[in-house]
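Notes follow the structure.
The values are calculated or read from the model by the stated rules, or taken from the named source; none is laboratory data. Not measured: the values here are computed from a predicted model. Heads up, the Cβs are rebuilt from the backbone with ideal geometry, glycines too, and the neighbour counts pull from every protein chain shown. Only protein heavy atoms, including side chains, enter the accessible area calculation; ligands, DNA and RNA are left aside. Shrake-Rupley method; radii C 1.70, N 1.55, O 1.52, S 1.80 Å.
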Amino acid sequence: MNQITDKQQIEQDFINSLLQAKNLSKNPAKALGHGEAPVNIALSKYWGKRSIPLNLPTNSSLSISLPGLGTKTAISLLTATENQQDQIWLNGKLLNSDEVFAKRLSKFLDYFRADKNQSFKIETENNVPTAAGLASSASGYAALVLAINDLFDWNLDKQQLSILARIGSGSASRSLYSGFAIWHQGQNPDGSDSFAEQIPLSSTATQVWLQLRIGLVKVDVSQKPISSTAGMQQTLNTCELYSAWPAQAENQVKIIREAVETGNFSLLGSTAEHNALSMHATMIATWPPIVYWQPESLAAMQKVWQLREKGVEVYFTMDAGPNLKLIYLAKDEPQIINEFKELETIQPFN
Ligand code: PMV
């Protein structure tokens with residue numbers, strides 16, 4: 001196993017305290033643990049960490065999960081004779097332990113080993129097409145944490161699972177839920193109050209959200225030029241505009257939450273688009289600048305604005321990449337597909 005770093009020690013201490021408080025053993029209760037989780041798209045974004053080791057955000061965020069797109073994971077222990085390294089299988093292929101993905105996962109698994117010689121077999125199936133331009137780390141860590149909880153029979157509640165997933169990847173805290181989820185920034189230095197929860201919907205609001213559609217506009221699906229963690233730090237350290245971001249984002253989470261609860265599509269869409277552009281403004285005003293957009297990204301934004309001028313109510317959001325996610329209602333889909341011929345469409349509530 002890798003040598004433990006300061007960062008890992010902080011996380012390990014926190015995870016130990018969480019598991020000890022619940023008196024949980026690190027010995028498996030069954031041979032195989034399973035977990036399954038969807039990807040999610042933030043409508044009000046997480047951009048900035050107040051603690052890097054614990055993935056604690058500078059602001060709350062709010063997301064929608066995309067059913068049918070995500071990760072399924074099975075976890076088991078390898079027997080003592082085989083126990084040199086973890087075996088990590090991704091979509092039926094055994095990964096080389098030097099691969100970045102395998103290393104990152106093994107580091108995360110270190111927190112859950114009964115002793116340093118214990119190793120795991122992970123079989124993970126990702127049906128998020130790499131070509132969709134969606135990050136799979138959120139569904140990946142959420143599914144892994146669910147599988148670990150199942151293997152050890154811990155029966156952790158959703159909040160605790162969300163905290164563990166957050167330590168793997170911030171946005172994973174929101175992937176424990178279907179529908180809309182809010183990740184509370186929290187105040188405690190140990191992150192014990194920084195978890196996500198689902199936003200319950202009234203039957204009136206449900207009627208509106210049954211019509212909600214998300215469209216994926218693929219501009220470029222190659223690896224992003226700068227990881228979100230590095231991008232966030234660079235923004236925090238050099239962008240003067242950033243000081244306005246946490247309060248704005250916190251306020252927009254409140255507005256979108258209200259829009260979700262009252263079934264107000266226009267308020268949800270317009271606030272989500274404003275929020276995404278504000279996040280990208282802080283990235284652009286970073287030095288050296290972080291520009292995830294490509295010329296086609298801007299062309300797609302202009303198409304969205306032109307559609308809106310024609311009365312078609314469509315909005316977009318964008319993450320740390322050049323692809324757009326369109327937000328609209330079912331009735332407008334034909335006109336939107338007419339403009340975006342390759343659009344991949346998702347019904348979040350079906
Ligand atoms: O948790 P990460 O490292 O995948 O960061 C996610 C950052 C954004 O996708 C840009 C915003 C968000 O809230 O998902």
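Within the stretch 92-128, the set of residues being touching a residue at least 24 places away in the same chain (Cβ under 8 Å), open to solvent by 80 Å² or more (accessible area, probe 1.4 Å) and part of a loop (DSSP other than H, G, I, E, B) comprises Lys116, Asn117, Asn127.
Taking the stretch 28-54 as the range and being within 13 Å of the ligand (Cβ to nearest atom) and modelled with pLDDT under 95 as the test, the residues that pass are Ile52, Leu54. Selection within the stretch 227-265: residues that are closer than 26 Å to Leu298 by Cβ and among the small types (Gly, Ala, Ser). The member of this set that is farthest from the ligand (Cβ to nearest atom) is Ala244. Does Ala143 satisfy the condition of being closer than 30 Å to Trp209 by Cα and modelled with pLDDT under 95? When the stated conditions are applied, Ala143 does not pass them.
Counting the residues of the stretch 143-201 that are within 18 Å of Leu109 (Cβ to Cβ) and of a type in the set (Lys, Arg) gives 1.
If the condition is being under 14 Å from Ala147 (Cα atoms) and among the basic types (Lys, Arg), then the stretch 10-34 contributes Lys26, Lys30. Of the listed requirements (1) in a helix (DSSP H, G or I); (2) within 15 Å of the ligand (Cβ to nearest atom); (3) open to solvent by 40 Å² or more (accessible area, probe 1.4 Å), Lys224 misses just one: (1).
Of the set (1) closer than 24 Å to Gln9 by Cβ; (2) surrounded by 22 or more Cβ atoms within 10 Å (Cβ to Cβ), all apply to Ala138 but (1). Taking the criterion of being within 15 Å of the ligand (Cβ to nearest atom), of a type outside the set (Gly, Ala, Ser), touching a residue at least 40 places away in the same chain (Cβ under 8 Å) and not in a strand (DSSP E or B), the residues of the stretch 168-213 that qualify are Arg174, Leu176, Tyr177, His184, Gln185.
May I ask you to verify whether Leu216 is in a strand (DSSP E or B) and either open to solvent by 60 Å² or more (accessible area, probe 1.4 Å) or in contact with a helix residue (DSSP H, G or I) (Cβ under 6 Å, 6 or more places away or on another chain) (or both)? Spelling it out, Leu216 is indeed in a strand (DSSP E or B) and either open to solvent by 60 Å² or more (accessible area, probe 1.4 Å) or in contact with a helix residue (DSSP H, G or I) (Cβ under 6 Å, 6 or more places away or on another chain) (or both). Set side by side, the residues Thr124, Thr73, Thr79 differ, and just one is out of contact with any strand residue (DSSP E or B) (no Cβ under 7 Å at 6 or more places or on another chain) and of a type in the set (Val, Ile, Thr), which is Thr79.
When the stretch 279-297 is filtered for residues that are farther than 27 Å from Thr58 by Cα and open to solvent by 70 Å² or more (accessible area, probe 1.4 Å), the ones remaining, listed by number, are Pro295, Glu296. If you go through the stretch 85-135 and keep only what is small (Gly, Ala, Ser) and either under 21 Å from Trp154 (Cβ atoms) or within 20 Å of the chain's Cα centre (by Cα) (or both), you end up with Ala102, Ser106, Ala114, Ser119, Ala131, Ala132, Gly133, Ala135. Sub-8 Å Cβ pairs linking a first residue in the stretch 19-42 that is open to solvent by 40 Å² or more (accessible area, probe 1.4 Å) to a second residue that is at pLDDT 90 or above and within 16 Å of the ligand (Cβ to nearest atom), at least 6 apart or interchain, are Glu36/Gly70; Glu36/Thr71; Glu36/Ala143, ordered by first then second residue.
All of (1) open to solvent by 20 Å² or more (accessible area, probe 1.4 Å); (2) over 24 Å from Ile15 (Cβ atoms); (3) touching a Leu at 6+ places or on another chain (Cβ under 9 Å) hold for Gln84 with one exception: (2).
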